[in-house]
Structure formats: structure tokens, C-alpha cells
Amino acid sequence: MAIEAKTPKIEIVDVHKQFAVPGGERQVVDGVSFEVNRGEFVAVIGPSGCGKSTLFNIMAGLEEPTSGELKVDGADAIGVRENVAYMPQKDLLFPWRTIAENCALGLEVQGVWKLEARKRARDLFATFGLSGFEDSHPFELSGGMRQRAALLRTVVQGRDILLLDEPFGALDSLTRIEMQNWLQGVWAKHEWTAVMITHDIREAIYLADRVIVLSARPTSVRLNVEIDLPRPRELSVITSPEFAAIEEQLIETLHEESRKALELQGTLL
Amino acid sequence: MTAVPAQDEKPIPETAHLRRARRPRLPSWVGLALPPLLISLGILAAWQIIVDHFELRAQILPSPIRIVTAGWSQADIIWGHALATLQVTAVGFTAALVVAWIIAVAVDFSPWLRRGIMPLLVASQTIPVIAIAPLMIIWFGFGLLPKVIVVALVTFFPVTVGLIEGFAKTDREAGALLSSMGAGRWKLFRYARLPSALPSFFTALRISIVYAVTGAIFSEYVGAKSGLGIYMSMQKNAFRTDLVLAAVAVTAVVSITLYLSTFLVERLVIPWASKERRARRGH
């Protein structure tokens, strides 16, 4: 039992991914390894086009790595989709479905009876600040609410791991801060294991237990930083010296990698 | 002198703006229907005046009033022919819809079929209907079948293309999302591709239903027992230009009614689409 409790929720060991391109192969992921513990919130951050999405697709079971291991609860999870619920960058709420129907989509696809699926989704509406909007259509909601609905649709699937791909990337900065604050509060009450891709360094530090910085393509782990800030985190934590120290470290590493990414593009052009 | 009108002009746009804002808004259909009705009335009035003024012979150009009175005197006969045309249109168009759905769904599931069928679809549209319609009568006689084939041939193409393009309009990331939820190709179709395609389908439906009526009349024109097409052909041979135009007017009314009814069906089948359009326009 003791050993099992220590088994990480997700283990990624030396994952490589190559794509065939005209005139050869392109190395996109180059030996990425990290672990995510049960109930941990990990933020993954890296320069644009570094291969984060490929890594995510591998974790979601949508793509298979060229080599390397992916384990969930110690078992091989390559190509397995049942472990994770995925939240894409766009909310992708279908205009022909009401919010409750949209949120129940994942359950319905998995074969849960329609009314039961919608009931399970409805039960979470209060938590997600969407009460009263069950029967609205997506185009009647604000950007922040749509994003919360997309997160509800992810969470309600009841899967062990949440993969969030820049969940707040499309929001204006005020709404984004509000959403981060809200998510942080909801997180404190639930033991969800989550991996989030983001471009926003502050968002990563504020929300995550650990931040992983990826290098420019072909990507590997440059930095794996534990965020020791106490929870629940107030918004004011952003101005604390501890926060600033981590931020500085991350910014420096990221800038270095972004420069490399730009040089790489320069040589390709 | 120059300064005075400039000062006078200034408040005018403001009050005009206020007056515009306060004016009670008419129901939207009045706003939509009024301009075309007024223009049509204007054209008809000009037509009547020209015919009266130049005393044109009714065989050459009958006046609108003459068309209406002549048409009214034959109302029962025209109505019978209109029903026959409606039947051809309905059966032919239904056949076209069935064929279009089968082809479009098959093509959506198989890229191989798509490459194989698309050129044939385009080729089918290069067949001149004017040449094929008389042949249909030679092959299939004067009954319903040749006319249904002509109508279907004219209308299945826009619906098929509308559907295929509608399926293709589905957000690509929706595929990844549904896939991560565990959906296969069929569920992807049912949950995302099919509903995504419905607005395009209704647009195509609107275009092709007007073609359907024209196609039916054309197929009747070359030979039929009844229908507005054969009626027009007979009246033309009798130099009853007024009755030909009366039948044309009935055709127009039928086409417009069918066209408008597609909006009604669309609202019933996909009520969300019009709501979304209105929301986007900012109401």
C-alpha cells in the first residue's frame, strides 16, 4: 500500500516524437521526462511552437510517441484515452446545444444516458458559477462563463487527470485574473490532478504546485520548479518577494529559450 | 451669408437623430417585405401605363390588369395545372434530397469515394437539361417519372455540395475534443459534423427549391399531360400571351412561397441557428 501511494499519477520517461516532413524527419519532442503526483497541479510553459501540444496529444492518447514511456498509476498508458479529460484552448461549446447539454457531451459520448449525463452536469453548475444558465446557448454567455462551462465539461467526465491547454488564453486580462482566482479557490476544495499548458508565467506560478519549463524545439525539460507558496493563495501573493524570485528565474530561462526558438526560425527562413 | 447656414445646419442632424431613435420600430418582416412590394407595384403601374398609352395589342404585351382578369377567368384550370406541377416538384425534390444525403454522408465517411465521386457530380451538371428533357420523354413517356428525374437532376447537386461543404466546416479541434472523449468516426459525425452542416444544408435547400420549380415547368414544357409548363406551351401556341403570363405569375408565387417556407422549416429544425445569427448581429 505504501509503495502504491508513492507511485506518481503520471510518469513520462524519455519521450521522443518525430514527424516525417518533406525531405526527412523533424524531431519535435526530444527526451522529455517528468512526473505528476496525485492531486498535483502542474503547469507546463515553453516558447511558442516548442512542441507542447504534441506532448499534450501524447498524454491525451491522441498521438503515440516515437519512443519513451507514458505511465498512469504505474501502468502503460500510450494511446489510452480513458485516463484524461482534455480542455482545448477554444471553448468549443457547440451552438446547437444548451450549456447543460454541452457540459454533458463527454458523458454522452461515453454512453451515459442523456438525462443522467445532464443531471450530473447540472449538479456542478453552482460550483462553476453558472447557475441559471443551464438552458442558455453558448452565444448568450460571456467569454469567462464559456470558459468555465468548458472546464465543467472537462471535470464532469470524472476522469483521473485533467489536461488544460491554455484554458484562459483567449480571455482579456481582467477576466483572466478573475478566472485564475476562481479556479484557485475551486482547486483547493477538490483533489484534481491536472496538467496545464500556459504562456502566462504569472498564471503558472499562481495556480500550480510545480512549473515545468520546456526548451525550444526539439523540446526537453529545462526547468522543473516546485512552487512552495502557501495555499489558499490570495491575489496579493503575486506581489510577494518569493513570487518575484520564482518569476525572475522562469523569465530568464524562458527568454533564453525564446531567443533560441527565434534563431531557429531565422535559420529555417 | 456663409456663416448663417452653417449655424443653421448644425442642430438639424441632432434632432434628426433623436427623431430616428424615438420612432417606434416596425416588425422586422414589414421592413423586409415593404421595399420589394413597393418596387414591384411601381413596375406594374409603369407597365399598365405604357400598355394603355401606346395601345399595345394583348398578343404582344398584355397589361397587368388584363393578365389578372384573364387568369382569374381560368383560375380553376390553372389551379389544376399548378397542383400537377407542385406534385412533380415535391416528388422530384424529395428524390434529390434523398440522393444528396446518401452521397454527401458516404463521401464524408470515405475520402476515396470523395475523390471518385466529386468529378462525376460536376460532370452531371454539365449535361444540358434542354437536350436531356425531350430524351426523357422518349425513354420514359409522358408520366411522372421523366419529370421527376429532370427535377432531381437539376436540384440534387447544390444540396449535395452544400452538405459536403457543411460537413467540412466542422471545427477541426472539435474532432480532437470528441476523440479525447472516446468518440469514434460515427459519434464524431453525429455529435459535431451533422449539426455543423445543417445551416449550410438549409442555404442549399433554399437555392435548389427554386430550381426545382423551374425544372418541373421545363420538363412539362417539352411534353406532359398536365402542369403549368404544358399549359404555358399550349397558350403560347394559341397566342394567349396574357394566359402565359398569368401562369408565370402563379409560378412566381409558388416559388416564392416554397422559398419562404424553407426559413420556417429551418427555424423548426435548427432554432439555435437563427438565434445565434441574431446574437452575432448584436440584438
Can you bin chain B into rounded, prolate or oblate? Criterion: square roots of the alpha carbon gyration tensor eigenvalues sorted a ≥ b ≥ c, rounded for a/c under 1.5, prolate for a/b above b/c, oblate for the rest. oblate
Mean-square fluctuation maximum in Gaussian network of chain A, Cα pairs under 10 Å, restricted to A:PHE19, A:PHE94, A:PHE41, hits A:PHE19
Overall form of region A:151-243 per C-alpha gyration tensor (a/c, 1.5; a/b vs b/c): rounded
Cα→Cβ-extended label distance, 7 Å offset, between B:LEU145 and B:ILE256, nm: 3.8
Under a plain spin-label model, where a point goes 7 Å from the Cα along Cα-to-Cβ, how far apart in nm are A:PHE139 and A:ASP76? 4.8
Tilt relative to chain A, helix A:173-189 - C-alpha long axis, 0 to 90 degrees, to 10: 80
Environment charge at B:THR160 (Cβ cut-off 13 Å; Lys +1, Arg +1, Asp -1, Glu -1): -1
Förster-model FRET efficiency, 56 Å R0, B:ILE65 and A:LEU264, C-beta, rounded to 0.05: 0.10
Filter the DSSP H helices in chain B by two things, a Kyte-Doolittle mean of at least 0.0 and an axial alpha-carbon span of 20 angstrom or more, and list the hits by number. B:28-54, B:75-109, B:111-126, B:144-168, B:194-221, B:241-269
Between rounded, prolate and oblate, where does region B:89-235 land on the alpha carbon gyration tensor, with a ≥ b ≥ c its root eigenvalues, rounded for a/c under 1.5, else prolate if a/b exceeds b/c? prolate
Restricting to Cα atoms and excluding each atom paired with itself, what does the Kirkwood estimate give for the protein assembly as shown in Å? 29.1
Considering only DSSP beta bridges where both residues belong to the protein assembly as shown, give the percentage that are antiparallel (nearest 5). 55
Plugging the Cβ-Cβ distance of A:GLU247 and B:ARG277 into 1/(1 + (r/R0)^6) at R0 = 51 Å yields, to the nearest 0.05, a FRET efficiency of 0.70
Sorted from largest down, what three extents in whole angstroms do the Cα atoms of chain A have along their principal axes? 52, 50, 43
If the label point sits 7 Å along Cα→Cβ of A:GLU64, residues of region A:5-45 with amide N under 11 Å come out as none
Distance in nm between pseudo-label sites at A:ALA20 and A:SER131 (7 Å out along the Cβ direction from Cα): 5.6
Nearest-0.05 FRET efficiency for B:LEU121 and B:ARG172 at R0 = 30 Å, using Cβ-Cβ distance, is 0.80
In what order do B:THR170, A:THR154 fall by count of nearby beta-carbon atoms within 10 Å, going from fewest to most? B:THR170, A:THR154
Based on the alpha carbon coordinates of region A:91-159, what radius of gyration and maximum Cα-Cα distance (Dmax) apply, in Å? 10.5, 30
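Readers should treat all values here as calculations from the given coordinates under stated rules, not as data from a laboratory. Everything quoted here is computed from the prediction, not taken from an experiment. Here the Cβ is made from the backbone with ideal geometry for all residues, glycine too, and neighbour counts use every protein chain on show.
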